[in-house]
1. Would you mind calculating the gained length between SER3 and ARG49 on full extension (0.36 nm times residue separation, minus the Cα-Cα distance), in nm to one decimal?
2. Could you derive backbone 3J(HN,Hα) for the stretch 63-79 from the dihedral phi with the Karplus parameters 6.51, -1.76 and 1.60 (θ = phi - 60°), listing whole Hz in sequence and x where the residue is Gly or Pro?
3. Would you look at the GNM of the chain, springs on alpha carbons closer than 10 Å, and say which of SER81, SER24, SER67 moves the most?
4. Specify the residue with the greatest mean-square fluctuation among LEU44, LEU107, LEU83, computed from a Gaussian network of the chain linking alpha-carbon atoms under 10 Å apart.
5. In nm, to one decimal, how far is the ARG119 label point from the ARG76 one, both placed 7 Å along Cα→Cβ?
6. Choose one answer from VAL31, VAL60, VAL70: the residue with the largest mean-square fluctuation in a GNM of the chain with alpha-carbon springs under 10 Å.
Amino acid sequence: MASREDILAYAARAFQTEPEHPWSQYPEYAVLRHAESGKWYGLLMTLPRARLGLAGTGNVDVVNLKSDHVLDILLRSAPGSALPAYHMNKKHWITIVLDDVFPDEELYALIDESHGLTR
């Protein structure tokens, strides 16, 4: 599975996006934003597993992305790998858990889709 560092490197390479860290109390959170419009296309966070309703203890890295296929992704993904968006519009945004379950190819395609949808 792609790590948060892999996602940040992909965003830099594909879209020339440098992450922003707008919340001093959450320095590990990173916003991926369009340079020209300022609109977000991704949000990387580290959250307690329990806050997401996931089994186990500790924290997990996640990324929020915009998609036109949220319901499809939720229905066909492995349990716990794709969730209704955390702190975003659940109709248009999805949370992907960065673990070994969600396919990298699909994750990068979702990043591309999110970037295109938020122009």
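No value in this document is a laboratory result; all are computed from the given coordinates. Because the structure is predicted, anything quoted here is derived from the model rather than measured. Cβ sites come from the backbone with ideal geometry, for glycine too, and all protein chains shown count toward neighbours.
1. Details: separation 46, 0.36 × 46 = 16.56 nm, distance 1.65 nm.
That pair, SER3 and ARG49, stretches by 14.9 nm at full extension.
2. With coefficients 6.51, -1.76 and 1.60, one gets 10, 9, 9, 7, 8, 7, 10, 4, 4, 4, 5, 4, 6, 9, 7, 4, x Hz.
3. SER24
4. Sorting by GNM fluctuation, first place goes to LEU107.
5. About 2.4 nm separates the two model spin labels.
6. With Cα springs under 10 Å in the chain, the top fluctuation among VAL31, VAL60, VAL70 is at VAL60.
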